[in-house]
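Heads up: the structure comes next, in structure tokens.
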Amino acid sequence: MAITGDVDGEPMKVGVAVVDVTTGLFTAVGICAALRERDIGTRPACRRQSLCVGNWLAGERCVQHPGIRERRETLRQCPREYRPLSGLPGTRQLHVDRGRNRSAVRDLCKIIGNESLADDARYATNSARVEHREELVELLQEAFLTRDAEEWLSACRESVIPSGPIRSVEEVLNSAQTAALGMVQEMPHPTAGSVKLTGIPFELSRTPAKLRTAPPTLGQHTNDVLESVLGLSEGEIADLRSRGVV
């Protein structure tokens, strides 16, 4: 959300649940890798996968391209029900699940000090909340402006209400969780010095995947491919080079 939206506007949720979808894809790849490892070993060995790895897509682009970390202008309008909430002025914005079921709505209404809101016919069901989402979001935003964002996040955690701060890509890449998961790694590069790369988005306990080489330079592996895949000799490759074919 931190890199989408108007340049001077609020963060915007992407229309498709990118993190959910990509995490599912990486989970499937991790399972396939674990099953393949089982064929060689004795038991499946996939031990870690989380929604955090869904950020791999953003990290893959942003680790090496700092300019992408800044929000770009867009003409899309963020769906009202997904717009972020703001705490006291000067604190970060946050995303709070508005509740898909009645108990979750009651919990949210309780922490904002307006429990009667859950019994209001306009917000009693999910379809009703969608229909009246404009006024509901306004009511929630008014309540959230009374406390610091971190206080709201703490209250949401205590009530098990899905929520989280809207972090910049820079904050995500430099977070303790990213470091613990090894999602950003440094490798030596023949021309660029030490480069930062995104790590493997799943973990195998017995045969952990790892980055072996840095991104290749232009034409670095041309000879290897021509020899190993096409079976060309050094003389044939030299001839192709002399004629500008490769």
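Here, each number is a calculation from the coordinates, and none is a lab measurement. No experiment lies behind these values; they were computed from the predicted model shown. Please note: Cβ atoms are built from the backbone with ideal geometry, for glycine as well, and neighbour counts cover all protein chains shown.
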Q | Farthest positive-ward along the stretch 137-228 dipole, Cα basis, beta-carbon charges - from Ile166, Pro215, Leu140 | A | Pro215
(Q) What Kirkwood Rh does the stretch 156-225 have if only Cα atoms enter the pairwise 1/r average? Answer in Å. (A) 15.3 Å
Q) How large, in Å, is the stretch 204-246 by the Kirkwood hydrodynamic radius built from its alpha-carbon pairs? A) 12.6 Å
(Q) What distance in nm separates the two pseudo spin-label positions at Val29 and Ala17, each 7 Å out from Cα along the beta-carbon direction? (A) 2.1 nm
Q. How many angstrom separate the Cα center of the stretch 124-170 from the Cα center of the stretch 193-246?
A. 49 Å
Q.
Going Cα to Cα from Lys13, which aspartates and glutamates come in below 20 Å? Please leave out same-chain ones fewer than 8 positions away.
A. Glu60, Glu70, Glu73, Glu81, Asp97, Glu131, Glu134, Glu135, Glu138, Glu170, Glu171
Q: Pull up the cross-link candidates among the lysines for Lys210, meaning alpha carbon to alpha carbon under 23 Å and not fewer than 8 places away within one chain.
A: Lys196
Q: Just the number, please: Stokes-Einstein D of the stretch 110-184 in µm²/s, Kirkwood Rh from C-alpha pairs, 25 °C, 0.890 mPa s.
A: 166 µm²/s
